[in-house]
Amino acid sequence: MVRSDLVNIAAWAVVLADLLLTSKLYGTTQIPLPDIALAIALNIGLVEGDISPLHRIVFDLRLPRALFAATIGAGLGIVGVVLQTTTRNDLADPFLFGLSSGAAAGAVFVITVTGDILGFWTLPLAAFCGGLIASGIVLGLVHGLRTSAPEKLILAGLAVSFLFAAITNYLIFAGDSRAAHSVIFWMLGGLGLARWETFPLVCTGLVIILAYSLHRSRWLDSLLTGDLTASTLGVPVQGLRFSMFFLAALATAVFVSVAGVIGFVGLMVPHLARGIAGPLHRRLLPTAALIGAILLTGSDVLCRLLLAPQELPVGIVTSSIGSAFVFILLFRMQKTQR
């Protein structure tokens with residue numbers, strides 16, 4: 001990277017650091033900065049002393065929540081870049097391919113039918129399995145058609161998305177009505193399940209999709225010129241498309257399993273990142289990760305402050321921002337066509 005790229009990344013990193021700090025300062029109760037520093041120092045053993053309930057709130061609730069927001073936002077941003085590149089569709093995101101719908105169906109099945117039979121891990125595991133099943137069906141359909149054409153991949157994803165949406169709606173209608181509130185809050189996205197126990201899982205999802213995308217960044221750049229040109233450059237187009245889609249599905253399943261269905265992050269972030277870093281993936285992917293982390297962390301702060309002391313599902317905030325973004329995108333596309 002050139003010096004200007006490093007300066008831009010450093011600037012965005014500072015913005016993210018400020019938002020992470022703000023996320024720990026504000027909530028149902030405002031906590032002063034010295035108390036936050038003391039809580040972290042006490043819990044990691046830098047200083048000795050009694051750990052009060054306030055310190056527990058900082059270290060066990062607010063700190064993991066802030067880190068979850070940044071990690072999941074970064075991961076969804078990268079997933080959006082990968083899907084938009086491999087399908088050559090600027091509106092591609094995890095929702096378009098049924099990945100989020102499958103995870104939602106798995107989680108709703110647990111909430112309305114089985115209950116927490118495996119304890120705390122029941123909901124994340126069910127959502128994770130649902131996302132993988134949905135992605136497996138999409139890949140199976142595309143493989144059965146013996147093609148990896150982007151339009152066929154999109155159509156297969158839409159079909160699977162509608163299928164799992166129907167399953168989810170049936171489970172809500174036929175299941176325990178007392179669980180309806182939990183289902184709705186989870187389907188709208190939220191970071192209330194952020195715990196240190198599941199943080200390694202979320203980090204694994206981010207590392208997998210980021211590392212492999214950077215490793216194949218030149219191949220992804222080649223896809224921007226079209227399948228035929230990429231093939232002449234020695235890129236295994238079909239294999240790359242399948243592998244990237246599978247890893248995007250795996251990462252999405254991980255993120256949805258702990259945070260619910262958070263919309264529009266994977267759609268918005270790639271467009272914003274391209275405007276800053278350009279289309280080449282060596283620069284685009286880290287930029288998308290930072291912008292995604294900033295977007296979701298900022299949205300999480302807003303969802304706790306807008307109706308304080310009540311908490312909005314973070315998906316409401318991201319969907320509101322996303323709808324405005326799509327309107328602006330449509331108007332810009334119309335102007336460029338004139």
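The values are calculated or read from the model by the stated rules, or taken from the named source; none is laboratory data. Model, not experiment: these values are computed from the prediction. Cβ: placed from backbone, ideal geometry, glycine included. Neighbour counts: every protein chain shown. These accessible areas exclude ligands, DNA and RNA; they are computed on the full protein's heavy atoms, side chains included. Shrake-Rupley method; radii C 1.70, N 1.55, O 1.52, S 1.80 Å.
Answer yes or no: is there a residue in the range 10-20 that is in contact with a helix residue (DSSP H, G or I) (Cβ under 9 Å, 6 or more places away or on another chain), outside any helix (DSSP H, G or I), small (Gly, Ala, Ser) and surrounded by 10 or more Cβ atoms within 10 Å (Cβ to Cβ). The answer is no, given that none of the residues of the range 10-20 is in contact with a helix residue (DSSP H, G or I) (Cβ under 9 Å, 6 or more places away or on another chain), outside any helix (DSSP H, G or I), small (Gly, Ala, Ser) and surrounded by 10 or more Cβ atoms within 10 Å (Cβ to Cβ).
Sub-6 Å Cβ pairs linking a first residue in the range 141-167 that is within 10 Å of Ala105 (Cβ to Cβ) and at pLDDT 70 or above to a second residue that is crowded, with 21+ Cβ neighbours inside 10 Å and of a type in the set (Ser, Thr, Tyr), at least 6 apart or interchain, are Phe164/Ser101; Ala165/Ser101, ordered by first then second residue.
Exactly one residue among Pro32, Pro64 is closer than 28 Å to Leu123 by Cα and either surrounded by fewer than 19 Cβ atoms within 10 Å (Cβ to Cβ) or not aromatic (Phe, Trp, Tyr) (or both), and that residue is Pro64. Filtering the range 102-118 to residues that are part of a helix (DSSP H, G or I) and either among the basic types (Lys, Arg) or open to solvent by 20 Å² or more (accessible area, probe 1.4 Å) (or both) leaves Phe109, Ile111, Val113, Thr114. Residues in the range 223-243: is at least one crowded, with 24+ Cβ neighbours inside 10 Å and at pLDDT 90 or above? No - not one qualifying residue is present in the range 223-243. Within the range 197-205, identify whether any single residue is in a helix (DSSP H, G or I), open to solvent by less than 30 Å² (accessible area, probe 1.4 Å), modelled with pLDDT of 85 or more and closer than 23 Å to Pro270 by Cβ, and answer yes or no. Yes, because at least one residue in the range 197-205 is in a helix (DSSP H, G or I), open to solvent by less than 30 Å² (accessible area, probe 1.4 Å), modelled with pLDDT of 85 or more and closer than 23 Å to Pro270 by Cβ.
Of everything in the range 23-45 that is aliphatic (A, V, I, L, M) and within 25 Å of Val314 (Cα to Cα), the residue that is nearest to the chain's Cα centre (by Cα) is Leu25. Asp300 meets each of the listed conditions (1) of a type in the set (D, E, K, R); (2) under 30 Å from His143 (Cα atoms); (3) open to solvent by less than 10 Å² (accessible area, probe 1.4 Å) apart from (2).
Can Ala70 be described as touching a helix residue (DSSP H, G or I) at 6+ places or on another chain (Cβ under 7 Å), open to solvent by 10 Å² or more (accessible area, probe 1.4 Å) and in a helix (DSSP H, G or I)? When the stated conditions are applied, Ala70 passes them.
Of the numbered criteria (1) polar (S, T, N, Q); (2) part of a helix (DSSP H, G or I); (3) open to solvent by less than 60 Å² (accessible area, probe 1.4 Å), the one Asn89 fails is (2). Condition test on Leu290, is it assigned to a helix (DSSP H, G or I), open to solvent by 10 Å² or more (accessible area, probe 1.4 Å) and closer than 23 Å to Thr198 by Cα? When the stated conditions are applied, Leu290 passes them.
Does Gln310 meet the test of being assigned to a helix (DSSP H, G or I) and farther than 16 Å from Val81 by Cβ? Answer is no for this residue.
Of all the residues in the range 256-287, those that are of a type in the set (A, V, I, L, M, F, W, C), under 22 Å from Pro124 (Cβ atoms) and part of a helix (DSSP H, G or I) number 4. Out of all the residues in the range 38-48, is one or more crowded, with 21+ Cβ neighbours inside 10 Å and in contact with a helix residue (DSSP H, G or I) (Cβ under 9 Å, 6 or more places away or on another chain)? Yes, the conditions are met somewhere in the range 38-48. Cβ contacts < 6 Å: first residue under 17 Å from Gly278 (Cα atoms), restricted to the range 1-22; second residue among the charged types (D, E, K, R) and at pLDDT 90 or above, any location; separation 6+ or different chain. Result? Short answer, once both residue conditions are applied: Asp5/Arg283. Screening Phe246 on (1) free of Cβ contacts under 8 Å to residues at least 24 places away in the same chain; (2) open to solvent by 10 Å² or more (accessible area, probe 1.4 Å); (3) outside any loop (DSSP other than H, G, I, E, B) shows it passes everything except condition (1). Residues of the range 272-287 that are within 19 Å of Leu330 (Cα to Cα) and surrounded by fewer than 20 Cβ atoms within 10 Å (Cβ to Cβ): Leu272, Arg274, Gly275. In the range 251-262, is there at least one residue being in contact (Cβ under 8 Å) with a residue 60 or more places away in the chain and open to solvent by 20 Å² or more (accessible area, probe 1.4 Å)? No: zero hits.
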